[in-house]
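Report on the structure given below.
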Amino acid sequence: FTKLDEEDDTYHLEQMNVTSGTASVIPTATVRLRVGRRTRTESSIGNGPVDAVYNCITRLTGVRCKLTSFEITANGAGMDALGQVNITVDYNGRVFHGMGLSTDVIESAALALLHAINNIERTKRIQELREPPKKIDDLVAEHKA
């Protein structure tokens, strides 16, 4: 049995750049994710900076989940405080949790979504391992269909 932890994460945040402001500034994000040895980059706009980042991550991962809760809290006090983002997402009727921690709350939000998506990917891999192997007759029947 393989130990599943962060080393088994499918997606890692390599780089993120976000532009936001008031009035005529359109929130825009560029996100680079590492997937194994490869990196993939995407840019997107959104209703705000977090939405723009989430749009990038959704496009890069292909994992479409519904954000059901989003909470920002301070971890620590004063200038040294970290922004902690806790989210829950619904994916195919199952609830997954994600948590991100950074001095930048937008980065915390990105890390929280990636944490949830990595949990989804890990769950998919576990389910694949648990599925019994298909019998030859079943494979032949599928091929003929």
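Selection over region 84-96 of residues that are of a type in the set (D, E, K, R) and either open to solvent by less than 80 Å² (accessible area, probe 1.4 Å) or under 14 Å from the mean Cα position of the chain (by Cα) (or both) gives a count of 1. From the list T19, T39, T103, T28, the one residue that fits, being among the polar types (S, T, N, Q) and under 30 Å from L129 (Cβ atoms), is T39. Counting the residues of region 97-110 that are surrounded by fewer than 21 Cβ atoms within 10 Å (Cβ to Cβ) and under 13 Å from the mean Cα position of the chain (by Cα) gives 3.
Against the numbered list (1) in a strand (DSSP E or B); (2) in contact with a helix residue (DSSP H, G or I) (Cβ under 8 Å, 6 or more places away or on another chain), E14 comes up short only at (2).
Kindly check whether there is at least one residue in region 37-44 that is within 21 Å of Q127 (Cβ to Cβ), in contact with an Asp or Glu (Cβ under 6 Å, 6 or more places away or on another chain) and surrounded by fewer than 18 Cβ atoms within 10 Å (Cβ to Cβ). No: zero hits.
Any residue that is open to solvent by less than 50 Å² (accessible area, probe 1.4 Å) and of a type in the set (G, A, S) - is there at least one of those in region 6-20? No, because not a single residue in region 6-20 is open to solvent by less than 50 Å² (accessible area, probe 1.4 Å) and of a type in the set (G, A, S). When restricted to residues that are of a type in the set (S, T, N, Q) and open to solvent by less than 40 Å² (accessible area, probe 1.4 Å), region 55-83 contains 2.
How about region 45-54: which of its residues are open to solvent by less than 60 Å² (accessible area, probe 1.4 Å) and more than 12 Å from the chain's Cα centre (by Cα)? Those that are open to solvent by less than 60 Å² (accessible area, probe 1.4 Å) and more than 12 Å from the chain's Cα centre (by Cα): G46, G48, P49, V50, D51, A52.
The values are calculated or read from the model by the stated rules, or taken from the named source; none is laboratory data. As the structure is a prediction and not an experimental result, all values here were calculated from the model. Positions of Cβ are generated from backbone atoms using ideal geometry, with glycine treated the same way; all protein chains shown enter the neighbour counts. With ligands, DNA and RNA removed, areas are computed over all heavy atoms of the protein, side chains included. Shrake-Rupley method; radii C 1.70, N 1.55, O 1.52, S 1.80 Å.
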